[in-house]
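Data block below; observations after.
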Ligand code: 5GP
C-alpha cells in the first residue's frame, strides 16, 4: 500500500524514501501469516528483525555477496540502497518443511541431498503462486538475470548454512528477494530474519522463527531473542 509521498507500507515493514539512492526500511512489530489471514503484534519484533537482518547482511557482505544494506538508523530502521525490485521470491531449501511437504511425499526434517531452489511470483491477490523459469521470462525477467539470482541464492545458502551450523542452528529454508540498483547491478534486498527463514535448534529441533507464530508453538519473542543471542553472542536489550 502506498501512503503519503512514496511511503510504502507492507505487512511487516515500511519503506520510506531518503534520497535518490537510499531508502529507510522500518521493521514493524506486526506479524502476519497465511497471506494475511492470521495477524498479531509482538512488542520488540521489529527491533529484533532489524538487528538480525543487519547482522546477517554484514556476514554476507564480508563473504562477497552484494546486498542493499548500508547501515542501521535507529532501533528498528535500516538504511538500504534504493532498488527496483523483481516481483519474485527465491526460496532455498536444505531440509523438508513447510509447503514442500504438501507438494512432495517427503517427511518433515529429511535433509535434502542438495539444496533446491523454488520461485514464487510475489502477488498477494494470487497468493504468491509458485512459478518456473518460463513464467519468470513472461514477467520480463531474463534467463541471465534469473541465473544470477539463483547463483547468488546458493552462495547465500553456503555462507549462512555454515554460519548457523557453527552456532548450533540448522538453516532449514529461507526466502530472498532481489532488485536492481542505479548501476544496473542485481543486489540482494528485503530482509533476512526469522520472519523469512526457518531456523531449528540443532539439538532439540525447536523452531526459532515465524513458525512459532504460524503454528502456535510458544512465545515468538523469546524464540527470536534466543536466535539473536546465538548469532551475536549478546543478550538482547528488552524493548
Ligand atoms: P514455505 O514455502 O515452506 O511456506 O516457505 C519456505 C521459506 O520461505 C520459509 O522460510 C518461509 O519463511 C519463507 N517464505 C516464503 N514465502 C514467504 C512470504 O511470503 N513471506 C515471508 N515472510 N516468508 C516467506
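Read-outs throughout are calculated quantities, based only on the coordinates presented, and are distinct from any laboratory measurement. Note that the structure is predicted; figures quoted are calculated from it, not measured. Cβ: placed from backbone, ideal geometry, glycine included. Neighbour counts: every protein chain shown.
Give me the compactness ratio for segment 99-179, meaning the Cα radius of gyration over 2.2 N^0.38 Å.
Here the Cα radius of gyration is 1.23 times the empirical estimate.
What does the extension gain come out to for residue 229 and residue 125, with contour length at 0.36 nm per residue minus their alpha carbon separation?
So the extension gain works out to 33.8 nm.
Taking just the C-alpha trace of segment 133-205, give me its Rg and Dmax in Å.
14.7, 45
What's the percent breakdown of Cα-Cα distances in segment 93-140 across 10 Å bins, shortest bin first?
23, 44, 29, 4
With each run of n ≥ 4 DSSP H residues scored as -39500 (n - 2.57), what mean residue ellipticity at 222 nm is computed for the chain after dividing by its residue count and rounding to the nearest 500 deg cm²/dmol?
-8500 deg cm²/dmol
As a test, work out the antiparallel percent of DSSP beta bridges whose residues both lie in the chain, rounded to the nearest 5.
100
State, to one decimal in nm, how far the label point of residue 63 lies from the label point of residue 6, with both points 7 Å from Cα in the Cβ direction.
So the label points at residue 63 and residue 6 sit 3.4 nm apart.
Based on the alpha-carbon set only, what is the convex hull volume of the chain divided per residue, in Å³?
On the way: hull volume 32.5 nm³, N = 239.
Cα-based convex hull of the chain, divided per residue, equals 136 Å³.
Calculate the length of the line joining the C-alpha centroid of segment 186-201 to that of segment 70-87, in whole Å.
So the two Cα centres are separated by 14 Å.
Label residue 99 and residue 22 with points 7 Å out from Cα along Cα→Cβ: what is the distance between them in nm?
3.5
In what sequence do 66, 14 fall when counting other Cβ within 10 Å, fewest first? Show your work: numbers first, answer last.
Working: 66 15, 14 19.
In order of increasing Cβ crowding within 10 Å: 66, 14.
Using a simple spin-label model with points 7 Å from Cα along the Cα→Cβ vector, what separation in nm is obtained for residue 30 and residue 116?
Label-label distance for residue 30 and residue 116, simple model: 3.3 nm.
Going by how many other Cβ atoms sit within 10 Å of their own, how do 59, 7 line up, fewest first? Numbers along the way, then the final one.
On the way: 59 18, 7 15.
Arranged by neighbour count, lowest to highest, 59, 7 become 7, 59.
Among 90, 24, 80, which comes first, then next, by fewest other beta-carbon atoms within 10 Å? Don't skip to the answer; put the middle values down first.
Numbers: 90 22, 24 17, 80 26.
Sorted ascending by nearby Cβ count, the order is 24, 90, 80.
Could you state the orientation-averaged shadow area of the convex hull built on the Cα atoms of segment 1-133, in nm² to one decimal?
Averaging across all directions leaves 10.3 nm² for the Cα convex hull.
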